[in-house]
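In what follows, a single structure is set out as structure tokens and then discussed.
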Amino acid sequence: MASPRTLLLAAAMAAALLPAPASAATYMVGDAAGWDNGVVDYDAWARGKKFKVGDMLVFRYSTPEHDVVQVDARGYAECVAPDNAVALTSGNDHVVLGEAGRFYFICQAEGECSSGMRLAVNVH
């Protein structure tokens, strides 16, 4: 039977041979333009990006004019946040994409979502 020291050494060597896990990425929504009406086509911004579980979206915007609200597909399509929605309002909001799926975000200030302040991302 192998000694505990031999087993520990073998485990350490095996761990060293495994590839390192990919680190999470941070995405500034809208890049330098940020989260602002009429500045960025957010669908185009998200297109081609490979969002993964653990990645972070950073929404930077002016307050109190804008906010960020996570909604469902219907809320995204209709530009309506549910009554119980929690609005992020700091102007520098960080959202971790904690699971796979499709996620939707809107600005609920009057007319902003329908003018383009909405984002849908697919997380793999």
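The values are calculated or read from the model by the stated rules, or taken from the named source; none is laboratory data. Please read these numbers as outputs of a predicted model, since none were measured by experiment. Note that each Cβ is placed from the backbone with ideal geometry, even for glycine, and that neighbours are counted across all protein chains shown. Remember, those area values only see protein heavy atoms, side chains included, never the ligands or the DNA or RNA. Shrake-Rupley method; radii C 1.70, N 1.55, O 1.52, S 1.80 Å.
Quick look at the numbers
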| quantity | calculated |
| --- | --- |
| Percent carbon-and-sulfur accessible area, region 19-87, ignoring ligands, DNA and RNA, probe 1.4 Å | 52 |
| Sites residue 74 and residue 24, calculated FRET efficiency, Cβ-Cβ separation with R0 35 Å, nearest 0.05 | 0.75 |
| Global geometry of region 28-115, whether rounded, prolate or oblate, following the gyration tensor of its Cα atoms and the 1.5 cut on a/c | rounded |
| Estimated FRET transfer efficiency when R0 is 22 angstrom, pair residue 31-residue 83 (beta carbons, to 0.05) | 0.10 |
| Accessible area per residue, Å², region 28-82 with all protein chains present, probe 1.4 Å | 53 |
